[in-house]
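**Q** Have a look at this one.
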Amino acid sequence: MTTEMGDRQFGLFVTRSAPPPVEVAPLKTQLLKWIGNKQRFAHEIVGQFPARFGTYFEPFLGSGAVLATLAPERAVASDRLAPLIDLFEMVNGDPQRLISSYRARWQAMMEGDKVEVYLRVRADYNENPNPFDLLFLARSAYGGVIRFSKRGVMNTPCGAHRPVSPESFGKRVALWRPRIAGTRFVCRDFETAFEEATSGDLVYCDPPYKDSESTLYGAQGFSLGRLLDAIDRAKTRGVLVALSIDGTKRSGRKLVELSLPDGLFETVTMVNCGRSMLRRFQMEGQTLEEEVVADRLLLTYDPSRLR
C-alpha cells in the first residue's frame, strides 16, 4: 500500500504529498526474477502517472515491471546492459527462440548437477555476454541478484529455488508480449533517453539506489547528480518525470538522506516494498523481520491536476 506523508516531510525540495493512487490492475506475473523488481507494487506507481501523456520513456529498464503494468501504446525503454535490451527485443521479435534457449538450459539443470550447470552458464555469460544466458541467470541466481565484480564479472551464486519451468516461462512471454508490443528497446545511457523526450511525454526512472551495494548491476559509475540535472532540463521542456529512489529502511526507522534541489519535485509519496531481498542476500538468507523498506516516489507534477 502507499503511505502518504505530510507536506514538506522531506524538506524544502518537495511541496506536498501525492494524492492516493488511481486504481490500476496489478500485473502479478513477472518475466524476470530481478533484484529490486517493482512487480508487486508497480500498479501503485502507475496509479500516480498522468491520465494522458505522449510517449512513455523508461531509461532504467531492469525487470520492466512498470512498463508491462502500464502497457503503453507508445514507449521507448532503454538500459546500458546490452544483453537485457536484446532479451526484451526477442520477447517482441523472436519469442520462440528465447523460450527454446531457456528450455535447453533448464533441462540441463534438471538432468545434471544444479550448481555445476549454473556455474557453466555463468562462465559462458562472462565470456560472451548474451540474452540467453542472462535470462537463465536471472531466473536461477540467488534472489535474482545480477551482481558484478569490479572487473565486470557476474559472480552471484546459484539460488536454492527451482527455476520456473519452460512451460511457465512461455506463458509469461505470451502474457508480456502484447503489453510491450508498442515499445522500442534501445541500449544507451539515461541522459540520451532524456534528450529524446519532449513536452507532454512521461519519463519514469528507477535508478540504482544510494544505499544499494555498489557492485549491483547498474550501480557502477552511476551519478545521481547527473540524473537530477537531466530531470531538471526535461522538466523545463515540459516533460513529466516520476522518480523511484531511496526512502525508508529498517521498518521505517531509518530515512535515507538525499540532497535534492529545491523545487524540482512537486509531490512525494512512499511505496511499501516489503522486506529487502538485497539485505537477505547480504545477510545469508535471514528472515530480516526488521528490514522492511519503502521507496520514495517523487513527481515533478501534481497527479491530482492531471487526472
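**Q** Which ones in region 108-143 are surrounded by fewer than 20 Cβ atoms within 10 Å (Cβ to Cβ), without any contact (Cβ under 8 Å) to a residue 40 or more places away in the chain and out of contact with any Asp or Glu (no Cβ under 7 Å at 6 or more places or on another chain)?
**A** Passing the criteria: A108, M110, E111, G112, D113, E116, L119, R120, A123, N126, E127, N128.
**Q** Has region 47-64 got any residue that is assigned to a helix (DSSP H, G or I) and closer than 19 Å to R172 by Cβ?
**A** Looking for residues that are assigned to a helix (DSSP H, G or I) and closer than 19 Å to R172 by Cβ, one finds none in region 47-64, hence no.
**Q** Next question, about the same structure. Restricting attention to region 233-246, and to residues there that are within 13 Å of E195 (Cβ to Cβ) and assigned to a helix (DSSP H, G or I), which single residue is farthest from the chain's Cα centre (by Cα)?
**A** Here the answer is T236.
**Q** So, E58, is that one over 22 Å from Y209 (Cβ atoms) and either of a type outside the set (D, E) or in contact with a strand residue (DSSP E or B) (Cβ under 9 Å, 6 or more places away or on another chain) (or both) or not?
**A** Spelling it out, it is not the case that E58 is over 22 Å from Y209 (Cβ atoms) and either of a type outside the set (D, E) or in contact with a strand residue (DSSP E or B) (Cβ under 9 Å, 6 or more places away or on another chain) (or both).
**Q** Regarding P83, is this residue closer than 28 Å to P208 by Cβ and in contact (Cβ under 8 Å) with a residue 40 or more places away in the chain?
**A** Details: closer than 28 Å to P208 by Cβ: yes; in contact (Cβ under 8 Å) with a residue 40 or more places away in the chain: yes.
In short, yes.
**Q** Could you run through region 65-85 and say how many residues are within 17 Å of R172 (Cα to Cα) and either part of a helix (DSSP H, G or I) or modelled with pLDDT under 95 (or both)?
**A** Summing the residues that are within 17 Å of R172 (Cα to Cα) and either part of a helix (DSSP H, G or I) or modelled with pLDDT under 95 (or both) in region 65-85 gives 7.
**Q** Evaluate region 186-194: report whether one residue or more is closer than 30 Å to P303 by Cβ, of a type in the set (F, W, Y) and surrounded by 20 or more Cβ atoms within 10 Å (Cβ to Cβ). Steps first, answer last, please.
**A** Within region 186-194, the first condition is being closer than 30 Å to P303 by Cβ, and the residues that meet it are 186, 188-194.
Filter again for of a type in the set (F, W, Y), leaving 190, 194.
Checking which are surrounded by 20 or more Cβ atoms within 10 Å (Cβ to Cβ) leaves us with 190, 194.
Scanning region 186-194, I find at least one residue that is closer than 30 Å to P303 by Cβ, of a type in the set (F, W, Y) and surrounded by 20 or more Cβ atoms within 10 Å (Cβ to Cβ), so the answer is yes.
**Q** S251 - would you say it is over 22 Å from S63 (Cα atoms), at pLDDT below 95 and touching a strand residue (DSSP E or B) at 6+ places or on another chain (Cβ under 9 Å)?
**A** Yes, satisfied.
**Q** Does region 158-178 include one or more residues that are of a type outside the set (A, V, I, L, M, F, W, C), over 15 Å from L32 (Cα atoms) and assigned to a helix (DSSP H, G or I)?
**A** Within region 158-178, one or more residues are of a type outside the set (A, V, I, L, M, F, W, C), over 15 Å from L32 (Cα atoms) and assigned to a helix (DSSP H, G or I).
The values are calculated or read from the model by the stated rules, or taken from the named source; none is laboratory data. All figures in this text were calculated on a predicted structure; none of them were measured in a lab. Every residue, glycine among them, receives a Cβ derived from its backbone with ideal geometry; neighbour counts consider all protein chains shown.
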